[in-house]
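The values are calculated or read from the model by the stated rules, or taken from the named source; none is laboratory data. Treat the numbers as computed from the prediction; the structure is a model and nothing was measured. Glycine gets a Cβ as well: all are built from the backbone with ideal geometry, and neighbour counts include every protein chain shown. Ligands, DNA and RNA are stripped out before the accessible areas are found, and what is left, the full protein with its side chains, is counted by its heavy atoms. Shrake-Rupley method; radii C 1.70, N 1.55, O 1.52, S 1.80 Å.
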Amino acid sequence: MGHVHPTRDDAVVTALSEVVGGPMGERARPHRWWTPTRVLLLLTAIVFAAGLIQKAPCSLAQGRDQNWVYSHMCYTDLRPLYVPRGLVENAWPYSDDEQVRARYEVMEYPVGIAYWAWGTAWVTHWLNGSPDLDQRERTPVDLLYGDGEVDDEQTIFLLVNAVGFGALALLATWLLAGVHRTRPWDAAAFALSPTLLLTGLINWDLLAVALVAGALWAWSRDRPVLTGVLIGLGTAAKLYPLFLLGGLLVICLRRRQIGRFAIAAVWAAAAWAAANAPAYLTGPEQWKVFWSFNSERTADLGSLWMLIDQAGDVGFSAHTINLWSWILFGAWCVAVFAIGMTAGRRGPVAVVPRLAQLGYLIVVGFLLVNKVYSPQYVLWLLPLAVLARPRWRDQIVWQASEVFYFCTVWWYLGGYLAPAGGGDAGFYWVGIVVRVLGELYLAAVIVRDLYRPDHDPVALERVDPQPSTRIRSKVVAV
């Protein structure tokens, strides 16, 4: 089966290819070893290594103030959380031990991330010669911050996680390249993403990203059980993979295969429950912290709620934001459901929306009305966006808006936006608006593709069953 080559498929890549001799010719033969997937894996490795270099100054920032970290835009959550979350003692994140709880805060992340952080802390201790944890338990926490051995461990902890994140990024690229077998190059927008470079090491979000990429791959291979398991595990790491079930519901309704949705949903619930069981059984109160933390959170960085709150001096309560966020998100989901059920029905055959298209539309709606948009949340959209709209022009427009926001959030936190310092929030509001417009632009293009499939660059599409002719499924070129 031949591959669709980007130099002959995408106008931007075609124009750029003139620098090296023009588009790939009809008689050109692919390299035996350098397959598209291997090239993409190499590009991912290079981009991720560049991300390590970009974050390196913050690993060497001893004695620097917090603003120095913001000015270099190299902030990462990993080092600051090592001591206060008990990773320095390799404490089980869901321990109900009174001494542990008196010394350290509970991890405010879902269980998948907490397990990963705990496991990488164990590896960190092993690489650092297995320090005496009993002695650390007897040391006041305030003194641990100035301990040289602990400081070295924080750097090792960051590097251990970076290796793991790099593996997750490579895995995600490999999976995305296999979703459409004739279009592996669609994953290039993920492999070469500036947002992957800039945000991949901020937090543990790549764990959920890789699981979402796996769910997209599994669904493309017609494996509803594996799809459900990966969605469930992804939801145990971050909430947003759950929303892929909405896309599956639309697809299965259009194909009249509701049983496949039920299989995926049941296995997703089972995988999520299995992943959460160790945490809940060992520390139910600690397990609830993630839910209570997010419920009690008010308008925070990057959200439209924060923009309105600051610009209008409104003072939204957490309850108000929670209520209206879910109302607005519910209305958004109803709109996406209507689009998914009505789009692509014109013409000789009915074209079913793809999971990446519906997934992007649902997740972007959640992010638009959410009470916080941390810089690394762009990674949630990345695997969905590159497959939903595999055109470099649109990817550049969207990712440029995200990079602009990435810059403004650090300028805002560092107080560099006002001419004399102090941080005028107005320019940061511009960054929020630009990011939102970029996400809405890509959403609009995807909706256009859904209603006019001739604009969708993906060559092969599944189509709805046609009851009148008892056709179960087809593949057509659009």
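Summary of computed values
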item: Qualifying residue in the range 270-282 (condition: over 19 Å from Y109 (Cβ atoms) and either among the aliphatic types (A, V, I, L, M) or in contact (Cβ under 8 Å) with a residue 24 or more places away in the chain (or both)); result: yes
item: Conditions (1) open to solvent by 40 Å² or more (accessible area, probe 1.4 Å); (2) within 25 Å of L245 (Cβ to Cβ); (3) not in a helix (DSSP H, G or I); number of the one not met by V225; result: (3)
item: Qualifying residue in the range 424-432 (condition: surrounded by 14 or more Cβ atoms within 10 Å (Cβ to Cβ), in contact with a Pro (Cβ under 8 Å, 6 or more places away or on another chain), modelled with pLDDT under 90 and among the charged types (D, E, K, R)); result: no
item: Neighbours by Cβ (under 7 Å, 6+ apart or cross-chain): first from the range 336-351, among the small types (G, A, S); second modelled with pLDDT of 95 or more; result: G340/V250; G340/L358
item: Options W204, W217: the member that is part of a helix (DSSP H, G or I) and touching a residue at least 24 places away in the same chain (Cβ under 8 Å); result: W217
item: Condition check for L175: open to solvent by less than 20 Å² (accessible area, probe 1.4 Å) and over 18 Å from G119 (Cβ atoms); result: yes
item: W272 more than 26 Å from P224 (Cβ to Cβ), surrounded by 18 or more Cβ atoms within 10 Å (Cβ to Cβ) and under 25 Å from the mean Cα position of the chain (by Cα); result: no
item: Positions within the range 303-319 being within 23 Å of R435 (Cβ to Cβ), surrounded by fewer than 17 Cβ atoms within 10 Å (Cβ to Cβ) and of a type in the set (S, T, N, Q), in sequence order; result: Q310
item: Residue list for the range 94-123, restricted to those being assigned to a helix (DSSP H, G or I), touching a helix residue (DSSP H, G or I) at 6+ places or on another chain (Cβ under 6 Å) and within 21 Å of D142 (Cβ to Cβ); result: R103, A121
item: Only one of W116, W126, W122, W185 that is surrounded by fewer than 22 Cβ atoms within 10 Å (Cβ to Cβ) and touching a residue at least 60 places away in the same chain (Cβ under 8 Å); result: W116
item: Those residues of the range 243-264 which are crowded, with 20+ Cβ neighbours inside 10 Å and aliphatic (A, V, I, L, M), in sequence order; result: L244, L245, L248, V250, I251, A264
item: Conditions (1) open to solvent by less than 10 Å² (accessible area, probe 1.4 Å); (2) assigned to a helix (DSSP H, G or I); (3) at pLDDT 95 or above: number failed by E153; result: (3)
item: Residue satisfying all of: in the range 433-478; of a type in the set (D, E) and at pLDDT 50 or above; surrounded by the fewest Cβ atoms within 10 Å (Cβ to Cβ) among these; result: D454
item: Test result for V409, touching a Phe, Trp or Tyr at 6+ places or on another chain (Cβ under 9 Å) and buried (at least 20 other Cβ atoms within 10 Å of the Cβ); result: yes
item: A338 being among the small types (G, A, S) and either surrounded by fewer than 16 Cβ atoms within 10 Å (Cβ to Cβ) or over 18 Å from G247 (Cβ atoms) (or both); result: yes
item: Identity of the residue in the range 280-332, acidic (D, E) and either part of a helix (DSSP H, G or I) or within 27 Å of the chain's Cα centre (by Cα) (or both), that ends up farthest from A91 (Cα to Cα); result: D309
item: Any hit, the range 409-420, residues being within 25 Å of I251 (Cα to Cα), assigned to a helix (DSSP H, G or I) and either in contact with a strand residue (DSSP E or B) (Cβ under 7 Å, 6 or more places away or on another chain) or of a type outside the set (G, A, S) (or both); result: no
item: Condition met for L207 (touching a helix residue (DSSP H, G or I) at 6+ places or on another chain (Cβ under 7 Å), modelled with pLDDT of 95 or more and closer than 24 Å to P375 by Cα); result: yes
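To keep it simple, each residue is scored yes or no on (1) under 23 Å from V150 (Cα atoms); (2) at pLDDT below 90; (3) part of a loop (DSSP other than H, G, I, E, B).
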{"site": "G2", "(1), (2), (3)": "no, yes, yes"}
{"site": "L16", "(1), (2), (3)": "no, yes, no"}
{"site": "V19", "(1), (2), (3)": "no, yes, no"}
{"site": "T37", "(1), (2), (3)": "no, no, no"}
{"site": "L40", "(1), (2), (3)": "no, no, no"}
{"site": "A56", "(1), (2), (3)": "yes, yes, no"}
{"site": "W92", "(1), (2), (3)": "yes, no, yes"}
